[in-house]
Amino acid sequence: NLSSRQVLSVARQLGKEKILCEMYAATGWDITPRELKNLTENMYLNGVNISCQHLLPYSERASRANDYPAHFSKENPWVRYNFKDYNDYFTSLGAVLSESQENVKVAVLHPVHTAYLYYTKYEDAPDINVVDEIDDKFKKTLEKLNNKNISYHFIDEVLLSKYGKVENNTICCGECKYDYLVIPAGLETMDEFTEQLVSQYVKAGGKVLIDGEKPKYIAWKPFGYDYLNTNTSYDEIQAD
């Protein structure tokens, strides 16, 4: 889950234990407890450890009875009998996850600044579909990592400018150190500080995987990246 792992990455890099997510909105009255459990476990798998359940109204009067989300109140039959067990399970799971550390060796440089390069709010602009194309390419890179069962964090360039450094042959962001840097498909530009850090990382012997073409801009100006080449593979990362 892309959004959950984005939040997880920032939380781990900044040393935060608790990750809360509002969930279940617009799931509908016909959703089953098993479906809710599967949905929640997927969120917890990707970093969430506290659920904010939507929703529990004080009553079903007036338009509330027609509200689309499932209601976790006495009007919902299974809630009366089993909701405590359901919540106890996720409370325990969340506590374990919040006190645990995922062994993550891979950092994926997030391409959101490439999206900024092309984004325009005007519907008739010629590059209106470019952001969707960037997103599709990005997700294909993540799919390759997921298929290899490789855990990863995202690196946001703004956070990297505040908390980033190279230590020996690792690239660091806040409290996290990474042995591998993945440049995802669709990433075309880096900020100046990011490029400097990546150059330093490569010179220190850092492992880089470019999934697609090299970036071609720095701070949205043409740049060669002659030093930047792939020197690892998905299989090597998986085997580590």
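Taking segment 216-240 as the search range and keeping residues that are open to solvent by less than 40 Å² (accessible area, probe 1.4 Å) and touching a residue at least 40 places away in the same chain (Cβ under 8 Å), which one is nearest to Val158 (Cα to Cα)? In this case the residue turns out to be Leu228. Of all residues in segment 141-157, those that are surrounded by 19 or more Cβ atoms within 10 Å (Cβ to Cβ), closer than 15 Å to Leu45 by Cβ and not aliphatic (A, V, I, L, M) total 2. Of the listed requirements (1) within 24 Å of Asn149 (Cβ to Cβ); (2) touching a helix residue (DSSP H, G or I) at 6+ places or on another chain (Cβ under 7 Å); (3) at pLDDT 95 or above, Gly186 misses just one: (3). Within segment 158-206, can you find the residues that are out of contact with any Cys (no Cβ under 9 Å at 6 or more places or on another chain), open to solvent by less than 10 Å² (accessible area, probe 1.4 Å) and in a strand (DSSP E or B)? Residues satisfying the conditions are Ile171, Cys172, Cys173, Leu181, Val182, Ile183, Thr189, Met190.
Strands (runs of 3 or more DSSP E) fully within segment 1-111 that include at least 3 residues being without any contact (Cβ under 8 Å) to a residue 60 or more places away in the chain and surrounded by 11 or more Cβ atoms within 10 Å (Cβ to Cβ): 20-23, 50-53.
The residue pairs whose first member lies in segment 184-208 and is aliphatic (A, V, I, L, M), whose second member is open to solvent by 10 Å² or more (accessible area, probe 1.4 Å) and in a loop (DSSP other than H, G, I, E, B), and whose beta carbons are closer than 7 Å, counting only pairs six or more residues apart or on different chains, are Ala185/Asp211; Ala185/Gly212; Val202/Tyr227; Ala204/Asn168; Ala204/Asn169; Val208/Thr230; Val208/Asn231; Val208/Thr232.
The values are calculated or read from the model by the stated rules, or taken from the named source; none is laboratory data. These numbers were taken from a predicted model, which means no experiment stands behind them. Glycine gets a Cβ as well: all are built from the backbone with ideal geometry, and neighbour counts include every protein chain shown. These accessible areas exclude ligands, DNA and RNA; they are computed on the full protein's heavy atoms, side chains included. Shrake-Rupley method; radii C 1.70, N 1.55, O 1.52, S 1.80 Å.
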